[in-house]
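Here is the structure we will look at.
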Amino acid sequence: AQSVTQLDSHVSVSEGTPVLLRCNYSSSYSPSLFWYVQHPNKGLQLLLKYTSAATLVKGINGFEAEFKKSETSFHLTKPSAHMSDAAEYFCVVSDWGGTALIFGKGTTLSVSS
Amino acid sequence: EAGVTQSPTHLIKTRGQQATLRCSPISGHTSVYWYQQALGLGLQFLLWYDEGEERNRGNFPPRFSGRQFPNYSSELNVNALELEDSALYLCASSSREGPNQPQHFGDGTRLSIL
């Protein structure tokens, strides 16, 4: 069965410092992986998507993620945090075969000035 | 381009009542997904509709049901409401069949059960 584990429930960084949000996945098939962001009282916005093309995926707002099959990881990074990055981030896995998206429990990113 | 729209924004019901939530997908999208985001339980998949048919269902009781109309909009119905149904219900749409396609989310309907 497919699953995704977000290793940190809460990450705090200072503005201008790097961001690392960690995600490990488990999938019996070649997975599609996504990162979504949710700002308070809002729906989810797609940050980036991996679907077996380049292992380094660039997304919106300066975020990127690297797919590492050997480590079953798909960590999200950003070189320099901005205050507006403060939100909930979800790592998501999907396998073709009719299964819908499976969400991690989320990581809350706090950014201090 | 208009995004996914959900109505109402908030809905307050009492135990045992029925709730109807509505979703309009992005123009051209044929797939609609429903998710429940309950406090402490995270985001859980509820239902997936495509071309008017229910394609997949999450681990929820039958009192959670829905439908998709010919214009691809969708309704989620929750019967015999229970306190634990209080949650944010999110609708998403995608352009092609299959969960591998990026999903675009609405801002949700917050359902409160008193």
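Here are a few things to note about the model shown:
- If you go through segment A:61-112 and keep only what is without any contact (Cβ under 8 Å) to a residue 12 or more places away in the chain, more than 14 Å from chain B (Cβ to nearest Cβ) and surrounded by 15 or more Cβ atoms within 10 Å (Cβ to Cβ), you end up with just A:Glu66.
- Restricting attention to segment A:46-60, the residues being within 14 Å of chain B (Cβ to nearest Cβ), open to solvent by 20 Å² or more (accessible area, probe 1.4 Å) and either among the charged types (D, E, K, R) or in contact (Cβ under 8 Å) with a residue 12 or more places away in the chain (or both) number 6.
- Flag for A:Ser12 being out of contact with any His (no Cβ under 9 Å at 6 or more places or on another chain), touching a residue at least 40 places away in the same chain (Cβ under 8 Å), more than 12 Å from chain B (Cβ to nearest Cβ) and assigned to a loop (DSSP other than H, G, I, E, B): no
- Scanning segment B:19-58 for residues that are away from every other protein chain (no Cβ under 11 Å) and either at pLDDT below 90 or part of a loop (DSSP other than H, G, I, E, B) (or both) yields B:Pro25, B:Ile26, B:Ser27, B:Gly28, B:His29, B:Thr30, B:Leu39, B:Glu51, B:Gly52.
- The residue that is nearest to the other protein chains (Cβ to nearest Cβ), counting only those in segment B:59-97 that are under 22 Å from A:Leu48 (Cβ atoms) and crowded, with 17+ Cβ neighbours inside 10 Å, is B:Leu90.
The values are calculated or read from the model by the stated rules, or taken from the named source; none is laboratory data. All values derive from a computational prediction rather than experimental measurement. Cβ coordinates were reconstructed from backbone atoms using ideal geometry, including for glycine residues, and neighbour counts include every protein chain displayed. The area values use the complete protein model at the heavy-atom level, side chains included, leaving out ligands, DNA and RNA. Shrake-Rupley method; radii C 1.70, N 1.55, O 1.52, S 1.80 Å.
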